[in-house]
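A.B. asks: Submitted below is the structure of interest, expressed as structure tokens.
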Amino acid sequence: MSEKSLPGWVKPTLELGPLLVFFAAYFYWRNDTVDLFGQTYDGLLMATIVFIPVVLVATLALWALRGQVSGMQVLTAVIVLVLGGLTIWFNDKQFIQMKPTMIYLAMSAILVFGILNRRSYLETLLGDAIPMLWEGWMILTRRIAILFALLALLNEGVWRFLGDDIWVVFKTFGLPILTILFFVMQAGLFRIYEDETSES
């Protein structure tokens, strides 16, 4: 089945569904502890145990349905597997709490590397969907690199100082909402640098 033939709800469901499962699992177990594998796990650890296979299944489902997955999706799945596995192995929730930080820092570094080489990796990924001149892509790439760095710092502040409940809500809803708001604010950039020669 090709990507174009997928119903519109499939990709967002597979991408956002694991986050909602994580959120639900955390609040289901938030006031409990569970004995597994000879260890006692709290709500955040139990949510992580549930989250890892759900992310992997969702990524594999996207690959099966589309015939491919993006580099970002692969990076996310690998970081979830590694940091989630360390969270469970050491019974230490800090590893999974650092996951968004690691992902955002990695993406920011990749974009900065491209900028230093006068390339926009965003254009490579999204150029067919967003017709925009090279100058516009470079501006957008710089802005998103800064956004990702700021989100990484924000995640560190939330999990370190505001507690598990607030961090789980922030991870599930706050980070996606901030990202959406950022792209809404780029509407002017898209208009100014629209590539009118594009056939799309």
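A.B. asks: Report the calculated FRET efficiency for F37 and L60 (r = Cβ-Cβ distance, R0 = 22 Å), to the nearest 0.05. Each step should come with its number before you reach the end.
C.D. replies: Numbers: r = 24 Å, r/R0 = 1.10.
Using R0 = 22 Å, I get an efficiency of 0.35.
A.B. asks: A further question on this structure: Within the chain, which is the longest segment that contains none of the GluC sites (Glu not before Pro) sitting in a DSSP loop with at most 13 other Cβ atoms within 10 Å? If you can, show how the numbers build up before the last one.
C.D. replies: Numbers: sites that count: E196, E199.
Between the exposed loop sites, the longest stretch runs 1-195.
A.B. asks: List every residue whose amide H lies under 5 Å from the amide H of M132, counting only residues 5 or more places away in sequence or on a different chain, with H placed 1.01 Å from N in the peptide plane.
C.D. replies: Counting only residues 5 or more places away or on other chains, the set is D195.
A.B. asks: Quickly estimate the mean residue ellipticity at 222 nm for the chain, helices only: each DSSP H run with n ≥ 4 gives -39500 (n - 2.57), and the total goes over all residues, rounded to 500. Don't skip to the end; give the middle numbers.
C.D. replies: Details: 10 runs with 142 residues, N = 200.
Rounded to the nearest 500, the figure is -23000 deg cm²/dmol.
A.B. asks: Carbon and sulfur: what percent of region 1-147's accessible surface (1.4 Å probe)?
C.D. replies: The computed percentage sits at 67.
A.B. asks: Would you check the accessible area of L162, probe 1.4 Å, heavy atoms only, in square angstrom rounded to 10?
C.D. replies: Answer for L162: close to 90 Å² accessible.
A.B. asks: Cα extents of region 45-156 along the three principal axes, largest first, in whole Å?
C.D. replies: 47, 35, 18
A.B. asks: Still on this structure, please answer the following. Which residue, G188, G163, G38, has the most motion in a Gaussian network model of the chain that connects Cα atoms within less than 10 Å?
C.D. replies: Of G188, G163, G38, the most mobile in the Gaussian network model is G38.
A.B. asks: Per residue, how much accessible area does the chain have with a 1.4 Å probe, in Å²?
C.D. replies: On the way: 11460 Å² over 200 residues.
Here the residues of the chain average 57 Å² of exposed surface.
A.B. asks: Roughly how large, in nm² to one decimal, is the mean projection of the convex hull of the alpha-carbon atoms in the chain? Intermediate values should be presented prior to the final figure.
C.D. replies: On the way: hull surface 49.8 nm².
So the Cα hull casts an average projection of 12.4 nm².
The values are calculated or read from the model by the stated rules, or taken from the named source; none is laboratory data. None of these values were measured; they are calculated from a predicted model. Note that each Cβ is placed from the backbone with ideal geometry, even for glycine, and that neighbours are counted across all protein chains shown. With ligands, DNA and RNA removed, areas are computed over all heavy atoms of the protein, side chains included. Shrake-Rupley method; radii C 1.70, N 1.55, O 1.52, S 1.80 Å.
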